[in-house]
Amino acid sequence: MPAISMFFGIIIRMFVGRKEHNPPHFHAYYQDATATFDIRSGDLIEGNLPKKQVRLIQAWAEIYRDELLADWNLASNNDEPFKIDPLK
């Protein structure tokens, strides 16, 4: 599962392969915690992260929603997703 972005100690990853399921989503890792976020809504759909990191991830996902959806399409077709700029 390639890392597509990293910022403030958070690593964003996306699975590659047709086995991925809808809704389009990405995985976020912070220290020992992990969570899954819906790309379209930015909602936390699984897992648990500190509230501050959730807000940072949701802000990043809102800014880069189009890029995330493009990466989802690539990953769903077994192609490597592109790196996305970090939150600054």
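All of the numbers you see were taken from the coordinates with simple rules; none came from a lab. Because the structure is predicted, anything quoted here is derived from the model rather than measured. With ideal geometry, Cβ positions are generated from the backbone for all residues, glycine too; neighbour counts draw on all protein chains shown.
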> Which residues does a label at Glu46 reach in region 53-88, if reach means a backbone N under 19 Å from a point 7 Å past the Cα toward the Cβ?
Replying inline: 54, 58, 69, 72-73, 75-78
> For region 12-58, what relative contact order do you get, as a whole percent, if you take Cα pairs closer than 8 Å and at least 6 residues apart?
Replying inline: 26
> Taking the Cα atoms of the chain alone, what are Rg (to one decimal) and Dmax (as a whole number) in Å?
Replying inline: 11.7, 33
> Assuming R0 = 30 Å, what is the FRET efficiency of His21 and Ile63, from their Cβ-Cβ distance, to the nearest 0.05?
Replying inline: 0.75
> Based on DSSP H runs of at least 4 residues, each adding -39500 (n - 2.57), what is the mean residue ellipticity at 222 nm of the chain after dividing by all its residues, to the nearest 500 deg cm²/dmol?
Replying inline: -9000 deg cm²/dmol
